[in-house]
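Notes follow the structure.
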Amino acid sequence: MYMKAKITEIFSSIQGEGLYVGQAQTFVRFYDCNLSCSFCDEHKKKKFEEYTPGELISAVINENKKVISLTGGEPLLYSDFLKEVLPELKEKGFSLYLETNGVLKNKLLEIIDFLDIISMDIKLPSSAGCQALWKAHSDFLKEAIAKEVFVKSVITNKTSLADIKKAVSVIEKIDRDIFFILQPVTVNNRIQKINQAEEFLSAACSRLKNVRLIPQVHKILGVK
């Protein structure tokens with residue numbers, strides 16, 4: 001099947017978020033997203049290049065990193081394209097790491113067999129300025145637990161404790177062992193001090209076994 005995907009950039013760096021902070025990875029940043037979160041600056045990017053499956057495979061192989069992070073934007077918008085790319089990358093021994101907004105369950109199911117790690121967002125309405133997506137997140141997480149998965153939520157000084165508790169409830173009903181990462185928002189490359197961070201952490205820890213507060217480390221180090 002001949003198709004192309006819109007790619008914002010391909011680069012190698014360290015993973016700056018979540019449980020795999022510091023790991024060397026190759027990042028494939030897909031263009032466009034089905035959501036528009038208030039703290040996101042990716043939707044402002046208008047430049048992209050189009051890659052065929054073969055061109056993308058060659059590009060990531062040239063980066064020579066064992067782990068490939070599919071990020072965005074929202075990679076699952078390109079599930080048909082990924083079905084052409086991921087099997088070959090798996091055959092070549094790469095580990096595949098998906099960063100996703102965690103609402104496109106059916107798209108996930110099309111490629112989940114080829115994934116190793118899923119970094120899934122739960123979008124808190126008070127943080128992201130979007131509609132509540134609790135059911136979509138729950139449905140997604142129920143499928144994502146077939147792989148190694150952790151959940152991440154961006155917190156701001158607009159984040160409500162009620163939203164933190166709702167996110168915790170979504171995770172708790174599926175598996176209390178799932179890691180939940182609270183990530184302070186970054187604005188203009190500066191990590192914000194979140195006034196209620198300790199309260200949010202305490203609320204999550206009271207019901208989940210594995211909770212962490214981890215900022216965007218790549219922003220601290222001044223790398224991509």
Filtering the range 20-48 down to residues that are within 15 Å of the chain's Cα centre (by Cα), modelled with pLDDT of 95 or more and of a type in the set (A, V, I, L, M) yields VAL21, VAL28
Listed by first then second residue, the pairs whose first member lies in the range 102-131 and is without any contact (Cβ under 8 Å) to a residue 40 or more places away in the chain and among the β-branched types (Val, Ile, Thr), whose partner is open to solvent by less than 30 Å² (accessible area, probe 1.4 Å) and in a helix (DSSP H, G or I), with beta carbons under 7 Å and at least 6 positions apart or on separate chains, are ILE111/SER79; ILE111/LEU82; ILE111/LEU86; ILE118/ALA144
Scanning the range 100-111 for residues that are in a helix (DSSP H, G or I) and open to solvent by less than 40 Å² (accessible area, probe 1.4 Å), the one nearest to GLU143 (Cα to Cα) turns out to be LEU108
Scanning the range 73-99 residue by residue, the ones that are modelled with pLDDT of 95 or more, under 13 Å from the mean Cα position of the chain (by Cα) and open to solvent by 10 Å² or more (accessible area, probe 1.4 Å) total 1
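The values are calculated or read from the model by the stated rules, or taken from the named source; none is laboratory data. All values reported here derive from a predicted model rather than from experimental measurement. Here the Cβ is made from the backbone with ideal geometry for all residues, glycine too, and neighbour counts use every protein chain on show. Keep in mind that these areas ignore ligands, DNA and RNA; they rest on the heavy atoms of the full protein, side chains included. Shrake-Rupley method; radii C 1.70, N 1.55, O 1.52, S 1.80 Å.
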